[in-house]
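Reviewing the structure listed below.
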Amino acid sequence: MDKTKAGYVRLTGFLALSIVLILLLSTPGMIFSKGVDLIDTELSRRSGHEFYVQTALDFGDRASLATLPKEFGNWSMSHEYNWNALAERLNVSLMLCRDYAKPGLYIPVNLLVARSKETNTSGFHPPIVCYPALGYTIVNGEVNPTPYRFFDHEQHLGETEEMEVANVSWITKPLFGGEEMQNVTIPVKKLVIEKYDDGGNVIKRGVVLYFYVKTDRWGITEEFTFIRVEATFAPTQGNWSEAVEGTTAVCEGLMSELFPKLFKLREPEEMIIVAMAKEGGALGVAAAVVLIDIPLAVILYPSIRNLSEKRIEKRLQKR
């Protein structure tokens, strides 16, 4: 066999061996995954604060979303809204909207979960558009962005905060083991909003925390779910900064306790080669060996053939 042809054969064998090893050392989820779920504070791009998760509910299924508990911890649902008609206007496939309350809290905290329509992200109305349209002014972040920034770059309004989650039992563990996480923070976008009367006096204030759960494939958002908590209240005579901090803490409390209901621990998966050995026994091990031996045989074939041809030539010369 000439050197050029032998080189192509060996290259084919190495490629085949690489593919076989990648498959055998991968997990089923790495190969057959429909996409990667991640929490992020911006819809149109990666914020740099994204956090990878696995969802506990099917956000695209109305029946599954409805199983979100109405009571957990000290929280209980005080009202549920039917916003199916509004979902059409907001260009989302479904919405869940509830007020939650707990003892000692004089204002309810509103939870909104909205699911996108397939891959349509451009038609969704983010909070930085919705709240001003409802008469609110966003007073934190870049207060007066240029028009193109206002509609195209969500990072310029509000503030990205890291919210600590107390119950971390649902957190995805490292793929190949390692130390378990102790303190976990999740990125959320915070908006501080105000509404004024005709005289410019503040008549309502509030805090909004939200994030997106995006299903990405190859870095492209295929679908997303918008999750937001909000608490608004009438202005008081007390310290406004303290009121914002207190309201933020209340919103974070609800959102933190919701996490174990919305997300779950990623089930550990064994590598395919390990699963073949456990489930198939000796037959599974033999199958794995055969899969590896075939490309190895292709790699060694040119050398074996050349050696064989040389032996044949020597025998012919002796005759």
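The values are calculated or read from the model by the stated rules, or taken from the named source; none is laboratory data. As the structure is a computational prediction, the values presented were derived from the model and not from experiment. Glycine gets a Cβ as well: all are built from the backbone with ideal geometry, and neighbour counts include every protein chain shown.
Six or more apart or on different chains, Cβ atoms under 8 Å: show the pairs whose first residue is in region 65-77 and within 11 Å of L96 (Cα to Cα) and whose second is modelled with pLDDT of 90 or more and surrounded by 14 or more Cβ atoms within 10 Å (Cβ to Cβ).
If the second residue must be modelled with pLDDT of 90 or more and surrounded by 14 or more Cβ atoms within 10 Å (Cβ to Cβ), the pairs left are L65/L96; L65/V113; A66/L96; L68/L96; L68/V113.
Show the residue pairs meeting these rules: Cβ distance below 8 Å; 6+ apart or different chains; first residue within region 273-298 and over 19 Å from A16 (Cβ atoms); second residue surrounded by 12 or more Cβ atoms within 10 Å (Cβ to Cβ) and among the charged types (D, E, K, R).
K278/E270
What strands (runs of 3 or more DSSP E) completely inside region 54-120 contain at least 1 residues that are within 14 Å of T225 (Cβ to Cβ)? If you could, list the steps in order and put the result at the bottom.
Values: elements: 75-81, 92-101, 109-116.
Passing ranges, in order: 92-101, 109-116.
Does A87 satisfy the condition of being in contact (Cβ under 8 Å) with a residue 12 or more places away in the chain, under 23 Å from F124 (Cα atoms), in the same structural domain as F124 (by TED's automatic domain parsing) and of a type in the set (G, A, S)? It would help to see each step written out before you state the result.
Details: in contact (Cβ under 8 Å) with a residue 12 or more places away in the chain: yes; under 23 Å from F124 (Cα atoms): yes; in the same structural domain as F124 (by TED's automatic domain parsing): yes; of a type in the set (G, A, S): yes.
Yes: the conditions hold for A87.
Under 9 Å between Cβ atoms, at least 6 apart or on separate chains: pull out the pairs that start in region 20-40 with a residue that is in a loop (DSSP other than H, G, I, E, B) and end on any residue that is modelled with pLDDT of 60 or more and exposed (fewer than 15 other Cβ atoms within 10 Å of the Cβ).
Between residues of region 20-40 that are in a loop (DSSP other than H, G, I, E, B) and residues that are modelled with pLDDT of 60 or more and exposed (fewer than 15 other Cβ atoms within 10 Å of the Cβ), the close pairs are T27/E269; T27/E270; S33/R217; K34/R217; G35/R217.
When you scan region 79-89, do you find a residue that is modelled with pLDDT under 85, out of contact with any strand residue (DSSP E or B) (no Cβ under 9 Å at 6 or more places or on another chain) and not charged (D, E, K, R), even just one?
The first filter runs over region 79-89 and keeps only residues modelled with pLDDT under 85, leaving 83-89.
Then keep just the ones that are out of contact with any strand residue (DSSP E or B) (no Cβ under 9 Å at 6 or more places or on another chain); that gives 85, 88-89.
After this cut, where a residue has to be not charged (D, E, K, R) as well, the list is 85.
Yes; the residues of region 79-89 include at least one that is modelled with pLDDT under 85, out of contact with any strand residue (DSSP E or B) (no Cβ under 9 Å at 6 or more places or on another chain) and not charged (D, E, K, R).
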